[in-house]
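Data block below; observations after.
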Amino acid sequence: MGKSSFTNGAVRVNGQTKASTYKKGNTVYTDYNMSPYEKQAYDYAQKSFAENLPKLNVFSEDTQNQLQKQLNAYKNKGIETINSIYTPMLNNMKNDIASRFGNFDNSSFLNSLSDIESSRANAISDFAQDMTLKSNDLINDELSRRYNYMSFLNGINNQALNNLSAYSSLASSNSSRGTSSASSTLGDISSYINLGLQLLNTFY
């Protein structure tokens, strides 16, 4: 059978026309109609992405102060932990030496003091390395949070584009029925099923 004249196509969901395909002159157009909520989400994603992109890897003074505040809290906690271990140890050693020798002018005191101070110095050195790692972790966590947010915005944008593509393809397919021969009916049904699955994947 020959081809018939072009007929318009449309897709409606809950009474709303989501996409339509029509011919004007020699040009075929397909329009996609966002719902108010889709448009609000799409506009938000576009605006937020554009606003955040230039400062994605730039830390403001406020952000730097917040990170430094967290690092200081970590440092103070570490110093407190080290002191809670070695200060009592040093006091106990002094009391023990004083009770046994009556003074600190002896080799036992000096040797014990050297051992404790050496252990404390190692603990401080290890903690200094921990501070560097903590600083890197805070920076990486902040960057990760920002990149996750940008990925979230990009996902909203891509979802809108996927909806546009799926509904527009379905509307275009509906219009093509007016130009296809009867032998293409099974192919049309198959394409509807595939497009329907594509639309389901959009929402689930």
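The listed residues are Tyr29, Tyr37, Tyr22, Tyr44, and the only one of them that is farther than 30 Å from Asn140 by Cβ, among the aromatic types (Phe, Trp, Tyr) and part of a helix (DSSP H, G or I) turns out to be Tyr37.
Can you give me the number of residues within the range 50-60 that are part of a helix (DSSP H, G or I) and closer than 15 Å to Leu143 by Cα? Even if it seems obvious, please write down each step before you answer.
Start the filter on the range 50-60 by keeping residues that are part of a helix (DSSP H, G or I), which leaves 50-55.
Still in the list and also closer than 15 Å to Leu143 by Cα: 52-55.
Of the residues in the range 50-60, 4 are part of a helix (DSSP H, G or I) and closer than 15 Å to Leu143 by Cα.
Consider Met34 against the criteria (1) closer than 30 Å to Lys134 by Cα; (2) surrounded by 12 or more Cβ atoms within 10 Å (Cβ to Cβ); (3) in contact (Cβ under 8 Å) with a residue 12 or more places away in the chain; (4) of a type outside the set (Val, Ile, Thr): it satisfies all of them except one. Which criterion is unmet? Failed condition: (1). Do we find that Tyr74 is within 30 Å of Asn157 (Cα to Cα) and of a type outside the set (Lys, Arg) in this structure? Considered against the rule, which asks whether it is within 30 Å of Asn157 (Cα to Cα) and of a type outside the set (Lys, Arg), Tyr74 comes out as no. The residue that is surrounded by the most Cβ atoms within 10 Å (Cβ to Cβ), counting only those in the range 67-107 that are over 51 Å from the mean Cα position of the chain (by Cα) and basic (Lys, Arg), is Lys94. Of note, Leu110 does not satisfy the criterion of being surrounded by 10 or more Cβ atoms within 10 Å (Cβ to Cβ) and in contact (Cβ under 8 Å) with a residue 12 or more places away in the chain.
Taking the numbered list (1) over 28 Å from Asn154 (Cβ atoms); (2) at pLDDT below 85 in turn, Lys23 passes all entries but (2). Looking only at residues in the range 140-165 that are aliphatic (A, V, I, L, M) and surrounded by 14 or more Cβ atoms within 10 Å (Cβ to Cβ), the one that is farthest from Glu38 (Cα to Cα) is Met150.
The values are calculated or read from the model by the stated rules, or taken from the named source; none is laboratory data. Keep in mind that this is a model prediction, so the values were computed, not measured. As a convention, Cβ positions derive from the backbone with ideal geometry for all residues, glycine included, and neighbour counts pool all protein chains shown.
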